[in-house]
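Read through the structure below, which is laid out as structure tokens, and then see the notes.
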Amino acid sequence: MAVGLILFGILVMAFAMVAAKRLSALIFGFRAQSFFLFMLTFILAWRENSTQLYIVTTMLFAVKVVLVPNFLQKVARRIKADEDLGLSVNPTVSMSAAVLLSYMAYLFTGKIVSIPGEFENSALFISLSATMIGTFLMITRMKALAQILGLLVMENGIFLAAASVSGGMPFIVEIAIFFDILLVVIILGIFVFKINRLFTHIDVDKLTELKG
Amino acid sequence: MQIFAILLIPLALSGIAVLPGKTRSFGVFNAAGHFINAVLAVWLSLDLLRTREAAAYLGFFYADLLSAFFILTISVINFIAALYSIGYISSDVRDSTMSERKAKAYYALFNLFTLTMLSVPVVSNLGMVWVAIEMTTLVSAFLVGFYNRKESIEAAWKYIIICSVGITLALFGTILFYYTASRDGGVSSLNWTDMAAAAGDLNPSILKVAFLFIVVGYGTKAGFVPMHTWLPDAHSQALAPISALLSGVLLPTAVYAIIRFATVINICIGTSYTGNLFMFFGLMSLGISAGLVLVQRDIKRLLAYSSVENIGIISIGLGFGGTFAIAGALFHVFNHAAAKSLMFFAAGRAVKKYNSHSIRDIRGMISAMPFAGTMLIVGAFALTGMPPFSAFFSEIMIIISGFTGGFLFQSSLLLFFMAVVFCAMIHNISRSVFGEKPSGMAAEGEPLSGKLAFGILMLIICTAGIVAPGFFKELLTAASEIIRGA
């Protein structure tokens with residue numbers, strides 16, 4: 001029951017991020033989604049009573065709930081980023097597209113990869129939805145910072161699949177992936193600074209020096 | 001034990017690079033370090049060929065003959081790029097395009113980049129392979145955006161974003177792989193050696209879906225059409241030695257990751273599923289890039305599209321299956337890396353001298369810079385597979401096995417597109433090489449380190465097809481046996 005509600009929360013947050021019109025709402029959505037993910041892995045760790053899973057849970061909290069959102073907020077403040085997200089698709093269409101993507105994910109998990117177990121099935125469906133919604137955010141949001149958040153939503157989806165479907169990846173791989181996410185965000189943040197300095201904006205659709 | 005040394009040398013060099021000292025003398029030291037690495041790679045191959053057993057350490061590091069082949073290719077090209085960097089960076093420092101500090105940063109990043117590339121083939125864990133490939137993107141993005149110009153930052157941003165999305169999809173595929181391995185095969189690690197041992201028990205339909213994610217995900221990094229959109233930007237904006245590394249060895253490294261997954265599937269359900277996907281993406285990359293090579297007006301983008309084309313040829317060779325075809329594909333990885341580095345080095349010299357990327361502006365290279373001009377035109381012939389250059393032999397290996405394997409349609413398309421690329425490449429490159437040089441431009445020679453780098457590459461592409469050392473042939477055959485799952 002609790003697990004089901006948490007899974008639902010992850011999906012709702014993905015939709016909330018599609019509906020978000022402002023950068024701060026987007027960052028908040030990501031923080032909340034990561035927090036739901038943290039609760040889920042905490043329950044899994046508690047059930048299996050495994051130290052390794054507890055460590056993964058702690059790292060998840062530190063990296064995705066605290067460090068990454070704080071860092072992104074700081075970057076946004078430092079470059080005085082416009083709150084407007086530069087939607088290339090209006091919110092209604094975005095929302096319909098997100099619903100359609102979730103439905104496709106539902107069909108995919110039901111028909112193509114049929115996995116035994118109700119929890120595993122819905123977890124895979126929600127993780128695939130989150131991954132596709134993340135991709136959608138990256139394609140349709142034209143601010144560099146919003147693209148970073150799209151990527152992070154994708155990674156949240158993947159993490160959900162790893163944690164719930166396959167019972168967690170081998171420990172060292174999980175740790176390496178967290179480290180990697182942190183590094184990606186920091187490096188992308190550096191590039192946001194560079195773009196902002198050179199172009200005096202962070203609108204990705206206006207990066208058009210290279211053609212052909 | 002050689003693989004530890006191979007990893008430690010670039011790590012140490014990247015640390016030494018930031019110490020105070022003259023960049024030029026560090027460049028020489030750097031090249032020497034990478035020369036030792038190349039020698040170690042040869043030694044490793046010889047060792048593994050003698051024992052015929054994979055070297056595994058700590059359940060984490062692992063090198064079989066397929067890894068050895070990739071390590072060898074990567075470290076040879078690393079060495080040549082390090083050699084070429086000496087002259088290239090010194091001249092940038094001299095005309096103050098680059099500060100001394102920046103040059104030090106270049107060498108540090110160069111070594112980190114080579115370290116991440118070398119760590120891909122030496123780990124046995126598919127999750128760590130994923131991490132290593134992601135690291136190559138992160139480090140090389142700084143090298144793509146190195147000059148901090150508008151175009152280079154734009155290219156770096158696209159590169160890092162598109163490749164990160166791709167690699168995230170690949171992670172999803174890896175998780176599906178792990179799911180069926182742990183549920184159906186009873187394997188609790190991500191080691192492909194364990195997965196291959198349990199391959200018979202895995203769930204074929206999940207494996208097939210997983211492999212689609214893997215091909216699309218790592219294919220983004222390998223430059224398969226239609227996920228190649230970052231590639232021409234990144235390759236044209238990077239520094240010339242880095243362009244050579246990106247194109248010659250980084251793309252095949254991503255193909256290596258796909259191969260490791262394909263091997264497990266081949267054991268489980270036979271080679272036709274992976275083979276068809278390799279052929280599909282290969283032909284698509286080849287066809288689209290052939291058209292783009294034809295209309296390209298920017299010399300470095302031309303070479304970048306030619307990389308997409310060559311990845312297509314390699315992928316088709318892997319798709320044909322059979323020891324001979326796969327050996328041909330691996331041989332082509334090596335030949336393409338050598339010929340493409342030669343051309344990127346020569347094009348890099350031209351871009352610097354003419355201060356333009358446009359083929360229209362770069363004219364009369366043969367009189368303005370006789371050495372680099374000659375290399376550029378010879379490289380064009382070598383790259384497009386003219387005899388007696390080595391790429392001819394690898395391409396003919398692939399084509400022969402295509403026709404004898406019954407892939408008549410695919411092989412005919414392959415031949416047709418290769419002919420198109422040949423005409424387009426020679427047409428475009430000869431316009432730059434021949435003709436009148438701009439008035440008032442003084443002829444310029446090549447620095448010694450550049451001459452050496454060109455000379456070694458020339459030696460490789462002229463002889464590799466005809467008098468390749470015996471161990472190299474054995475290495476190719478053994479590696480292709482591993483891919484087939486034999």
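Read-outs: derived from the displayed coordinates by stated rules, not from any lab. Just so it is clear, the model here is predicted, and its values are computed rather than measured. Please note: Cβ atoms are built from the backbone with ideal geometry, for glycine as well, and neighbour counts cover all protein chains shown.
Here is how the numbers come out for the structure above:
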| item | result |
| --- | --- |
| Förster radius 30 Å - calculated FRET efficiency between B:Phe4 and B:Arg52, Cβ distance, rounded to 0.05 | 0.90 |
| In Hz, Karplus ³J(HN,Hα) per residue of the stretch A:192-203 (6.51, -1.76, 1.60; θ = phi - 60°; x = Gly, Pro) | 4, 4, 5, 4, 4, 6, 7, 9, 6, 7, 10, 7 |
| Sequence-distant aspartates and glutamates (8 or more away, or on other chains) whose Cα lies within less than 17 Å of B:Lys353 | B:Asp92, B:Asp95, B:Asp298, B:Asp361, B:Glu436, B:Glu444, B:Glu446 |
| Gap separating the Cα centres of the stretch A:144-212 and the stretch B:62-94, nearest whole Å | 29 Å |
| Full-extension gain in nm, A:Asp205 to A:Glu83, via 0.36 nm per residue minus C-alpha separation | 42.3 nm |
| Scattering curve values for chain B, log₁₀ I(q)/I(0), Debye with Cα scatterers, q = 0.06, 0.10, 0.11 Å⁻¹ | -0.24, -0.69, -0.84 |
| ³J(HN,Hα) computed for each position of the stretch A:149-159 - Karplus, 6.51 cos²θ - 1.76 cosθ + 1.60, integer Hz, glycine/proline x | 5, x, 4, 5, 5, 4, 5, 4, x, 5, 4 |
| Within a Gaussian network of chain A (alpha carbon springs, distance under 10 Å), most fluctuating of A:Val173, A:Val99, A:Val68 | A:Val173 |
| Contact order normalised by residue count of the stretch B:125-270, Cα under 8 Å, 6+ apart, percent | 31 percent |
| Residue exposure sequence - B:Ile311, B:Ile160, A:Ile133 - by fewest surrounding Cβ within 10 Å | B:Ile160, A:Ile133, B:Ile311 |
| Efficiency of FRET between A:Phe171 and B:Asn355 - r from beta-carbon atoms, R0 41 angstrom, step 0.05 | 0.20 |
| Förster radius 60 Å - calculated FRET efficiency between B:Ser367 and B:Phe60, Cβ distance, rounded to 0.05 | 0.60 |
| Of every Cα-Cα pair in the stretch B:135-182, the percent that sits beyond 13 Å | 60 percent |
| Length-normalised contact order of chain B in % [C-alpha pairs under 8 Å, at least 6 apart] | 16 percent |
| Which of B:Gly450, A:Ala163, B:Ser356, positive extreme of dipole for the protein assembly as shown (C-beta unit charges) | B:Ser356 |
| Volume of the Cα convex hull of the stretch B:8-149, divided per residue and given in Å³ | 96 Å³ |
| Which listed pairs, of A:Lys80/B:Lys300; A:Lys64/A:Lys111; A:Lys74/B:Lys104; A:Lys194/B:Lys104; A:Lys111/B:Lys158, have C-alpha distances above 26 Å, in listed order | A:Lys80/B:Lys300; A:Lys64/A:Lys111; A:Lys74/B:Lys104; A:Lys111/B:Lys158 |
| Sequence-separation-based contact order of the stretch B:1-124, relative, with Cα cut under 8 Å and 6+ spacing, percent | 41 percent |
| Inter-label distance, nm, simple model (7 Å from Cα along the C-beta direction), B:Asp201/A:Met95 | 4.9 nm |
| Built amide H within the under 5 Å cut-off of B:Asn191, gap 5+ | B:Leu126 |
| Karplus-derived HN-Hα couplings along the stretch B:413-429 (A = 6.51, B = -1.76, C = 1.60, θ = phi - 60°), whole Hz, x at Gly and Pro | 4, 4, 4, 4, 5, 5, 5, 4, 4, 4, 4, 4, 5, 5, 4, 5, 5 |
| Shielding of B:176-186 by partner chains, average beta-carbon count, 10 Å | 4 |
| Protection proxy ranking, peptides B:10-17, B:131-138, average beta carbon neighbours within 10 Å, highest first | B:131-138, B:10-17 |
| Amide proton proximity set for B:Val225, modelled H, under 5 Å, gap of 5+ | B:Ser285 |
| For B:Val123, distant residues with modelled amide H under 5 Å away | B:Tyr62 |
| In degrees, nearest ten, helix B:204-222 long axis to first principal axis of chain B (Cα) | 10 degrees |
| Projected area, mean over directions - the protein assembly as shown, Cα convex hull, nm² | 28.5 nm² |
| Tilt relative to chain B, helix B:323-354 - C-alpha long axis, 0 to 90 degrees, to 10 | 20 degrees |
| The protein assembly as shown - mean residue ellipticity at 222 nm from DSSP helices (-39,500 (n - 2.57) per run, n ≥ 4, rounded to 500) | -26000 deg cm²/dmol |
| Environment charge of B:His336, counting only residues whose C-beta is closer than 13 Å and scoring Lys/Arg +1, Asp/Glu -1 | -1 |
| Label-to-label distance, nm, for residues given as B:Ile426 and B:Thr229 (7 Å Cα→Cβ offset) | 3.5 nm |
| Per-residue mean of C-beta atoms belonging to partner chains within 10 Å, peptide B:161-171 | 5 |
| Cα-based helix-to-principal-axis angle, B:126-144 vs chain B, degrees rounded to 10 | 10 degrees |
| Loop GluC sites (Glu not before Pro), the stretch A:106-212 (other Cβ atoms within 10 Å of the site Cβ: 16 or fewer; DSSP) | A:Glu209 |
| For the stretch B:286-486, with +1 on Lys and Arg beta carbons and -1 on Asp and Glu, the positive-most of B:Ile460, B:Leu408, B:Ala424 along the dipole | B:Ala424 |
| Translational diffusion of chain A, µm² s⁻¹ [Kirkwood Rh, Cα pairs; Stokes-Einstein; 25 °C; 0.890 mPa s] | 139 µm²/s |
